[in-house]
Amino acid sequence: YDFTIPGEATGVTVSGTATSFNSDTDDVTIQLIESGASEPAYEAVVKGNSANYSIAGVAPGTYTMKVMKQNHVTREYTVTVGAENVTQDVKIHLKGDINGDGRVNTSDVGKANSHAKGTSTLTGYDFACADVNGDGKVNTSDVGKINSHAKGTNKLW
């Protein structure tokens with residue numbers, strides 16, 4: 001006879017710590033999206049700036065892990081699931097917080113400004129954190145917005 005005991009998950013567990021900033025009460029959403037799919041196959045929602053998450057019963061395959069929280073820049077990781085449990089720690093930054101220290105300050109203004117002037121290049125997630133107006137570029141508009149936030153004159157969130 002083939003039978004499954006209720007409550008016993010098949011597949012493996014993907015777990016880890018999700019680090020974020022600002023509000024300790026906003027939801028941190030962690031999704032696993034199968035290659036080629038648009039809707040998540042699995043999802044966990046946790047609260048806290050250092051929150052442990054766990055997603056049980058994940059089938060083998062390669063997934064895009066999407067991590068989201070209000071006022072943060074969504075981050076994606078590639079997670080490959082096989083026969084063993086997977087530990088994937090994740091960290092997301094506040095919009096404008098390029099260096100990921102939890103604050104938007106002159107350090108972030110400098111990084112954005114260097115990119116806008118062409119003296120250094122931001123790539124990947126750092127670029128996404130600096131592109132505060134979401135136009136796909138990091139230029140003087142973003143530098144000004146990050147600077148205004150750092151000075152407290154006009155908040156990004």
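The values are calculated or read from the model by the stated rules, or taken from the named source; none is laboratory data. Keep in mind the model is a prediction, meaning the values are calculated, not measured. Neighbour counts are summed over all protein chains in view; Cβ atoms, including those assigned to glycine, are modelled from backbone coordinates with ideal geometry. Each accessible area value is taken on the protein alone, full model and side chains, heavy atoms only, with ligands, DNA and RNA left out. Shrake-Rupley method; radii C 1.70, N 1.55, O 1.52, S 1.80 Å.
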Check your understanding: Using the alpha-carbon atoms, what tilt in degrees (0 to 90, nearest 10) does helix 140-151 show relative to the longest principal axis of the chain?
Key -> 90 degrees
Practice item. Read phi for every residue in the stretch 123-130 and hand back ³J(HN,Hα) as whole Hz from Karplus 6.51 cos²θ - 1.76 cosθ + 1.60, θ = phi - 60°, with x for Gly and Pro. Key: 9, x, 5, 4, 4, 4, 5, 7
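Sort 79-92, 122-135 by the packing proxy (mean of other Cβ within 10 Å over each peptide's residues), most packed first.
On the way: 79-92: 14.7, 122-135: 17.4.
Those peptides, ordered most packed to least, come out 122-135, 79-92.
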Study note, to complete from the structure: Cα-only Rg/Rh for the stretch 1-93 with Kirkwood Rh rounds to 1.02
Practice item. Apply the Karplus parameterisation 6.51 cos²θ - 1.76 cosθ + 1.60, with θ equal to phi minus 60°, to every residue of the stretch 60-75 and state each ³J(HN,Hα) to the nearest whole Hz, in sequence, with x for glycine and proline. Key: x, x, 9, 10, 9, 9, 10, 10, 9, 7, 3, 6, 10, 8, 4, 10
Review point. Assigning unit charges at the beta carbon (Lys, Arg +1; Asp, Glu -1) and nothing else, what dipole magnitude in debye, to the nearest 20, does the chain show about its Cα centre?
Key: 880 debye
Review point. Of Lys66/Lys151; Lys47/Lys155; Lys47/Lys117, which sit over 29 Å apart, Cα to Cα?
Key: Lys66/Lys151; Lys47/Lys117
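What part of the accessible area of the chain, given as a whole %, is carbon or sulfur when the probe is 1.4 angstrom?
The C+S portion of the solvent-accessible surface of the chain is 45 percent.
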Study note, to complete from the structure: Any residue on another chain or 5+ positions along whose placed amide H is under 5 Å from the amide H of Lys91 is listed here as Thr19
Practice item. Post the alpha-carbon centroid distance, the stretch 76-93 to the stretch 19-41, in whole angstrom. Key: 12 Å
Practice item. Using only C-alpha atoms and all pairs of different ones, pull out the Kirkwood radius for the stretch 86-157 in Å with one decimal. Key: 12.1 Å
Check your understanding: Taking the Cα centre of the stretch 26-106 as the origin, how large is its charge dipole in debye, to the nearest 20, when only Lys and Arg (+1) and Asp and Glu (-1) carry charge on their Cβ atoms?
Key -> 260 debye
Review point. Given Thr74, Ile98, Gly57, which one lies farthest toward the positive end of the charge dipole of the chain, if we put +1 on the Cβ of every Lys and Arg and -1 on the Cβ of every Asp and Glu?
Key: Ile98
Study note, to complete from the structure: So the angle from the long Cα axis of helix 106-117 to the longest Cα principal axis of the chain, reported in degrees to the nearest 10, equals 80 degrees
Practice item. Please work out the FRET efficiency for the pair Gln70 and Asn133, using the Cβ-Cβ distance as r and a Förster radius of 25 Å; give the result to the nearest 0.05. Key: 0.90
Review point. If you count, for each residue, the other Cβ atoms within 10 Å and average over each peptide, how do 50-60, 24-34 line up from highest to lowest?
Key: 24-34, 50-60
Review point. Which of the aspartates and glutamates could a cross-linker bridge to Lys145, judged by Cα under 20 Å and excluding same-chain residues fewer than eight apart?
Key: Asp97, Asp101, Asp108, Asp126, Asp131, Asp135
Revision key, fill the gap. The set of residues whose placed amide H lies less than 5 Å from the amide H of Arg75, leaving out same-chain residues fewer than 5 positions away, is Val67
Point to revise | the chain, accessible area per residue, ligands and nucleic acids excluded (1.4 Å, Å²) | key: 54 Å²
